[in-house]
Amino acid sequence: MRLAAPILLAALLAGPAASQPRLNGLFADHAVVQRDRPLPVFGTAKPGEAVTVAFAGRTATATAGPDGAWRLDLPAIPAGGPYDLTATSASGVQTVHDVLAGDVWLCSGQSNMELPVERANDAWGQINNVAPNDTLRMVTIEKADGRTPRADFAKPPVWKSTSKDTVGPFSAACYYFARELQKTQSVPLGLVHASWGGSGLEAWMTPAALGQVGGYDEAIATLNLSNKDPVAANRRWGETIKAWWSAKHPGEAAVAPWTGAGAWTPAPKDLGVWERWGVPALAEFNGVVWFKTQVTLTPAQAQQASVLGVGQVDEMDTTYLNGVGVGATSGAWLDRSYPLAAGTLKPGQNTIVVAAYDTYATGGMYGDPAKRALVLADGTRLPLQAWTYRIEPRVGEDPPRAPWDTLAGVSTLYNGMLAPMGPYAVKGLAWYQGETNVGRDRTYAALLDAFMAERRQGQSPDMPVLVVQLASYGDFAVQPTASGTAALREAQRRAVLADPHAGLVVTTDIGDATDIHPANKQDVGKRLALAARRLAGEAVTTGPAPVSAKRVGDSVVVAFEQIGGHLVARGSDRVIGFELCDGAGQGCRWADARLDGSTVVLTVPAGAPAAKIRFAWADSPTFNLFDTAGLPAGPFEMAVQP
């Protein structure tokens with residue numbers, strides 16, 4: 001899939017013109033820029049003003065457009081430096097110093113890419129043994145979201161050379177990847193890290209890319225509406241949650257929670273996280289709990305505009321007033337304050353209902369109780385007290401997330417963190433994400449395909465993308481069973497397999513069944529480097545990968561490629577982890593399997609289904625197939641050829 005190129009600088013860099021030419025924030029002291037290809041340089045200036053950029057003996061000139069945005073392309077520059085980069089116009093001069101030309105890698109994703117060196121394995125030893133390295137430079141993009149593309153970074157990027165004083169807070173996977181890569185590539189490396197824990201893939205993509213995948217039209221329309229008419233967008237989103245609830249509760253409209261009807265239970269006076277209430281059903285509950293309170297107003301009070309404050313909600317809320325959606329916010333750390341126009345309230349009793357949705361750890365309405373209040377335009381403050389609650393049974397799918405949800409919305413992190421980068425040239429992308437998309441594996445391969453295509457826009461068409469597959473986390477399998485995590489891994493594998501410029505990094509052997517953030521990021525970095533080197537044409541292997549599964553008599557023969565040395569079955573004379581399945585990928589049974597050179601031979605008992613095979617198919621799979629280079633065979637599902 002290839003997407004039409006978006007309008008570039010007008011969207012990314014529009015804003016008030018500076019009094020002198022202003023380079024994009026990534027062009028800062030100690031930056032690394034991409035070698036050996038035309039170098040885009042861009043920024044803002046006075047509309048119509050000519051800007052000349054000089055760098056490494058090369059110059060070019062561009063004219064700022066009506067919005068003040070300008071861009072030019074310098075001729076390709078070989079690895080080297082340091083140099084000064086200077087932008088000059090009639091209004092002034094901006095110079096950044098100590099700029100190197102080398103290879104720039106964007107490292108992005110969610111919490112496993114975000115996890116820093118100081119929290120990874122052997123942190124003390126790794127950090128204190130870092131030798132100063134001025135040819136390995138790092139920058140972390142400040143977290144930010146947005147409902148439209150941001151023109152500027154939330155905080156000016158700061159490039160830093162690698163040392164024991166700078167490496168600790170930086171992404172461990174990204175750092176170890178670059179450290180390993182420099183063992184075979186003697187060029188400067190620049191690492192741009194942009195991650196946010198808990199983020200879904202959709203949040204990192206533009207509406208155009210999501211539109212190519214399909215299924216996101218309603219979310220995109222609601223997001224666009226929120227920029228034009230927030231009140232209408234909140235109302236529309238409130239109806240979306242109503243539809244979700246109604247689909248789960250057919251025939252129960254009379255007791256719909258947003259109406260305030262039905263059975264409610266008194267909540268503790270100051271609320272707080274529900275796991276601490278002493279209610280067994282909430283002790284480890286992740287899902288939706290509805291909260292309700294009421295406030296009575298005089299006719300004069302009801303005529304006023306007001307602000308409805310519901311305080312902090314862990315981690316998402318959809319808030320209703322008299323059955324109409326008035327707000328929705330993601331982020332447990334944020335106080336919710338929803339403005340209400342005059343005429344929204346009514347004389348007499350007004351019912352406020354908050355659907356609080358928590359996906360992990362603690363949940364509930366917490367923080368300062370005084371912030372839960374209705375504040376009228378005349379300054380009258382009416383505390384919201386006497387809350388009641390009802391638990392939403394976890395049946396079927398969890399509720400959808402608001403399209404402006406920071407981490408699970410559409411385009412929010414693209415807008416906040418990727419859009420400000422504009423066409424900054426990079427060598428490639430290391431992508432470590434997917435946990436948040438577990439359960440949505442059917443769309444993930446198409447999303448990842450569109451995402452990779454979009455990241456290549458304005459870059460080299462063969463830009464390498466390195467995808468880290470989900471590590472082991474969660475239940476072990478005592479019998480063949482369905483696994484949302486395994487299905488997501490398969491979606492990652494298939495997307496990479498379909499892209500000649502993408503590489504897959506298998507991590508199922510270095511995960512942690514009890515921790516979604518496995519600490520072994522050194523091996524992740526090594527495997528990322530192997531994948532990058534293979535895509536660059538080097539003669540390296542990245543671990544056994546399945547090629548085919550063919551029925552041969554009473555056996556299924558599975559062939560592999562990318563084997564370092566030869567295949568081995570660790571700890572057994574049999575290969576553990578294979579399953580024989582029917583055509584639907586169900587009715588699976590463990591398979592007796594043995595090694596035969598570069599193949600694995602599965603025995604098919606008489607009458608047993610063998611239309612498909614699966615390998616390492618579990619949240620935390622048990623398997624023993626490796627190569628003598630120490631790399632694991634990755635999990636997969638494959639149809640058996642007759």
The residue from 381, 442, 401 that alone is among the basic types (Lys, Arg) and in contact (Cβ under 8 Å) with a residue 60 or more places away in the chain is 401
Here's a check for you: in region 275-296, which residue that is aromatic (Phe, Trp, Tyr) and more than 30 Å from residue 380 (Cα to Cα) is surrounded by the most Cβ atoms within 10 Å (Cβ to Cβ)? 285
If you check every pair at least six apart or on different chains, which have Cβ atoms under 6 Å apart with a residue in region 61-79 that is of a type in the set (Asp, Glu) first and a residue that is at pLDDT 95 or above second? 73/38; 73/40
Result of the Cβ filter at 7 Å on region 160-189, keeping first residues that are over 20 Å from residue 128 (Cβ atoms) and surrounded by 20 or more Cβ atoms within 10 Å (Cβ to Cβ) and partners that are modelled with pLDDT of 95 or more and among the acidic types (Asp, Glu), at least 6 apart or interchain, is 189/103
If you scan region 213-231, which residues turn out to be more than 19 Å from residue 149 (Cα to Cα) and either in the same structural domain as residue 328 (by TED's automatic domain parsing) or surrounded by 15 or more Cβ atoms within 10 Å (Cβ to Cβ) (or both)? 213, 231
Among the residues in region 515-533, are any free of Cβ contacts under 8 Å to residues at least 60 places away in the same chain and under 30 Å from residue 582 (Cβ atoms)? no
Considering only region 248-269, state which residues are touching a residue at least 60 places away in the same chain (Cβ under 8 Å) and over 25 Å from residue 384 (Cα atoms). 248
If a residue must be within 23 Å of residue 374 (Cβ to Cβ) and either in contact with a Leu (Cβ under 9 Å, 6 or more places away or on another chain) or outside any strand (DSSP E or B) (or both), how many such residues does region 275-293 contain? 3
Name the one entry in 532, 569, 519, 498 that is surrounded by 15 or more Cβ atoms within 10 Å (Cβ to Cβ) and either at pLDDT below 95 or farther than 25 Å from residue 474 by Cβ (or both). 532
Those residues that are at pLDDT 95 or above, polar (S, T, N, Q) and either within 24 Å of residue 140 (Cα to Cα) or part of a loop (DSSP other than H, G, I, E, B) (or both), I need them from region 17-74; list them, please. 24, 34, 44
Checking the condition under 30 Å from residue 34 (Cα atoms) and not acidic (Asp, Glu), which residue from 280, 250, 268, 188 passes? 188
Tabulated pairs, region 200-215, first assigned to a helix (DSSP H, G or I), second of a type in the set (Val, Ile, Thr) and surrounded by fewer than 23 Cβ atoms within 10 Å (Cβ to Cβ), C-beta under 6 angstrom, 6+ apart or interchain: 207/220
Which one is surrounded by the most Cβ atoms within 10 Å (Cβ to Cβ), of the residues in region 536-550 that are more than 28 Å from residue 613 (Cα to Cα) and among the aliphatic types (A, V, I, L, M)? 536
Quick one: which of 394, 372, 381 is charged (D, E, K, R) and closer than 25 Å to residue 250 by Cα? 394
Sort out for me the strands (runs of 3 or more DSSP E) sitting completely within region 377-483 that have 1 or more residues that are among the hydrophobic types (A, V, I, L, M, F, W, C) and within 30 Å of residue 245 (Cβ to Cβ). 381-383, 388-391
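The values are calculated or read from the model by the stated rules, or taken from the named source; none is laboratory data. None of these values were measured; they are calculated from a predicted model. Methodologically, a virtual Cβ is constructed for each residue, glycine included, from the backbone with ideal geometry; neighbour enumeration extends over all protein chains shown.
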